[in-house]
Amino acid sequence: MTGATLVCLAGVLPARAETLRDALVQAYLTNPTLEAARANQRGVDEGVPIARAAGLPSASADATYTEYLQTSRTSFTAPKRLFNAGADLGVPIYSGGAVKNQIKAAKIRVEAGQADLRGTESSLFANVVAAYMDVIRAEALVGLNAKNVAVLETNLQATNDRFEIGDVTRTDVAQSESRLAVARSSARTAQADLASSRETYIRLVGKPPESLAPPPPLPGLPDSPEDAVTIALDNNPDLIAAHQRSLAADKDIDVAGAGRLPRVSLFASGSYSNYLNTLGGASSALYPQTDRTAQAGAQVSIPIFQGGLPAAQRRQAQAQASAALEQEIATERDVIAQVRAAYTAWKASLDVIASSQVAVDAGELSLEGVRAENSVGNRTILDILNAEQEYLNAQTDLVTARRNAYVAGFTLLAAMGRAEARDLNLEGGLLYDPQVNYERVRGKISDWGNDPAPVARATRTVDTPVQDGNIPSN
């Protein structure tokens, strides 16, 4: 969906109308599933500094105070107390490529996570669109069923009046009563469906729907399923994420293989000891009461035999990389199937809309004709009831087909990677950019660089009213 499209979503509408764009923006800002995905991605970002830390110098210091409560009676120089402090510094020089490949794998997984976040946004928007259209459809069906009940009530009253004068039989009255009872049942079911659709909308958007405006036309829909598949193979976020994960798994093989290679590091350490004038007892003046040491050097560690551990780890990484490659192909299959199915459903729904519109127009004319013929005795009450039911069915099919076409079209755009937050025209710097957090943390090396304590960002719906199946009067 392009930026211009979302502008269209906020086109010329009644002042109180809630647009599809409003619903998408509200969900984008407050949906807990999306907020959780963003938080998870921020955790994935930390994989890079975590991997880099293994290749950076490490330093530590320690201090100890010891009080000797009892010393050996044969030791005439044993101290009574000791203060000791030390410091160590280690600098890794070569680790067989493990650190380098861990960093590369972590960076690739950041890209995979960002694609997963795109997929979460796309899935959320598709669900919001479906919920939005479900509410519109349910409200329309409630209205149609309510109108049908009113018509059948009028028909039943007219049939009773005609029965009183002997113009129709008791069978005609029973048929009218039966159709009215069925219509009332259908109307109640439609109200329950509307309440359920509104609750689903609240779950996704975070607030009850209010006067939903008709959605705008969907732009950028492909001319053929082949075009749709080509675009999806380049832009579908799930496929991009699967590909990045397979690349990261390939780096994991090199990380595992590094366990068989030498490791080189530099080290330095120093210590300071103070016996606090207690070394040597009464003759402590004869002994130095402090001591200092310092060391520095290089260490080479060459693995000779590790019980087959590094070979097993490398084979395990290879198997996992193989699984990632197969998963990428499986995801590609899923994307192709989703795109083709969505395209077919979209096209079929358009055809159903055209057919249903013809059926509605014909049903309206047929109902008028049957009523006119009944007035001159050429049609029965049952003929009128059947015509009314056919007209209602045609209207229901048309409303449902319009909903299905729009949802299928948006689902197609989502599968093509063209229905995400980056495609929306959200004013005021509203877009969440995961790259910002990654750039913020990727180079951090401070041990004390904490973020603020976690705070829930999504809105709660516990205070929203229970939804019903009534349509508010304008």
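Contact annotation: residue pairs with Cβ atoms under 9 Å, 6 or more positions apart or on different chains, pairing a residue in region 263-277 that is in contact (Cβ under 8 Å) with a residue 40 or more places away in the chain with a partner that is open to solvent by 50 Å² or more (accessible area, probe 1.4 Å) and not in a strand (DSSP E or B), are 263/302; 266/57; 275/80; 275/287; 275/288; 276/80. State whether the residues of region 215-227 include one that is open to solvent by 20 Å² or more (accessible area, probe 1.4 Å), in contact with a helix residue (DSSP H, G or I) (Cβ under 9 Å, 6 or more places away or on another chain), under 30 Å from residue 149 (Cβ atoms) and at pLDDT below 95. Checked region 215-227: at least one residue is open to solvent by 20 Å² or more (accessible area, probe 1.4 Å), in contact with a helix residue (DSSP H, G or I) (Cβ under 9 Å, 6 or more places away or on another chain), under 30 Å from residue 149 (Cβ atoms) and at pLDDT below 95. Within region 48-76, residues that are touching a residue at least 40 places away in the same chain (Cβ under 8 Å) sit with their Cβ atoms under 7 Å from residues that are among the hydrophobic types (A, V, I, L, M, F, W, C) and loosely packed, with under 13 Cβ neighbours inside 10 Å, at 6+ positions apart or across chains, in these pairs: 56/445.
For region 440-474, the set of residues classified as over 23 Å from residue 26 (Cα atoms), basic (Lys, Arg), assigned to a loop (DSSP other than H, G, I, E, B) and open to solvent by 80 Å² or more (accessible area, probe 1.4 Å) consists of 444 only. When the criteria are applied in full, residue 99 fails the requirement of being in a helix (DSSP H, G or I), within 30 Å of residue 385 (Cβ to Cβ) and either out of contact with any Cys (no Cβ under 8 Å at 6 or more places or on another chain) or without any contact (Cβ under 8 Å) to a residue 24 or more places away in the chain (or both).
Once region 108-141 is narrowed to residues that are over 21 Å from the mean Cα position of the chain (by Cα) and of a type outside the set (Val, Ile, Thr), the residue that is surrounded by the fewest Cβ atoms within 10 Å (Cβ to Cβ) is 140.
On the basis of being without any contact (Cβ under 8 Å) to a residue 24 or more places away in the chain and not in a loop (DSSP other than H, G, I, E, B), does residue 437 make the cut?
Numbers: without any contact (Cβ under 8 Å) to a residue 24 or more places away in the chain: no; not in a loop (DSSP other than H, G, I, E, B): yes.
Considered against the rule, which asks whether it is without any contact (Cβ under 8 Å) to a residue 24 or more places away in the chain and not in a loop (DSSP other than H, G, I, E, B), residue 437 comes out as no.
For region 213-262, taking the residues that are without any contact (Cβ under 8 Å) to a residue 24 or more places away in the chain and in a helix (DSSP H, G or I), the one that is nearest to residue 98 (Cα to Cα) is identified as 230. Considering only region 200-210, I want to know if a residue exists there that is open to solvent by 70 Å² or more (accessible area, probe 1.4 Å), in contact (Cβ under 8 Å) with a residue 24 or more places away in the chain and out of contact with any Cys (no Cβ under 7 Å at 6 or more places or on another chain). Yes.
Scanning region 407-430 for any residue that is more than 22 Å from the chain's Cα centre (by Cα) and either closer than 30 Å to residue 196 by Cα or assigned to a helix (DSSP H, G or I) (or both) turns up nothing. Of the listed requirements (1) open to solvent by less than 70 Å² (accessible area, probe 1.4 Å); (2) modelled with pLDDT of 95 or more; (3) more than 30 Å from residue 247 (Cα to Cα); (4) touching a Gly at 6+ places or on another chain (Cβ under 8 Å), residue 64 misses just one: (4). Within region 274-320, the set of residues being farther than 17 Å from residue 261 by Cβ, open to solvent by less than 50 Å² (accessible area, probe 1.4 Å) and modelled with pLDDT of 95 or more comprises just one member, 297.
Evaluate the following for residue 350: is it within 30 Å of residue 81 (Cβ to Cβ) and either surrounded by fewer than 15 Cβ atoms within 10 Å (Cβ to Cβ) or touching a residue at least 12 places away in the same chain (Cβ under 8 Å) (or both)? No, not satisfied. Taking the criterion of being among the hydrophobic types (A, V, I, L, M, F, W, C) and crowded, with 20+ Cβ neighbours inside 10 Å, would at least one residue in region 81-98 satisfy it? Yes, the conditions are met somewhere in region 81-98. Of all residues being touching a Lys or Arg at 6+ places or on another chain (Cβ under 8 Å) and open to solvent by 40 Å² or more (accessible area, probe 1.4 Å) in region 241-258, which is nearest to residue 309 (Cα to Cα)? Just the residue, please. Restricting to residues being touching a Lys or Arg at 6+ places or on another chain (Cβ under 8 Å) and open to solvent by 40 Å² or more (accessible area, probe 1.4 Å), the top hit is 251.
The values are calculated or read from the model by the stated rules, or taken from the named source; none is laboratory data. Values in this document were obtained by computation on a predicted structure and should not be read as measured data. Cβ sites come from the backbone with ideal geometry, for glycine too, and all protein chains shown count toward neighbours. Calculation scope for accessible area: heavy atoms of the full protein, side chains included, ligands and nucleic acids excluded. Shrake-Rupley method; radii C 1.70, N 1.55, O 1.52, S 1.80 Å.
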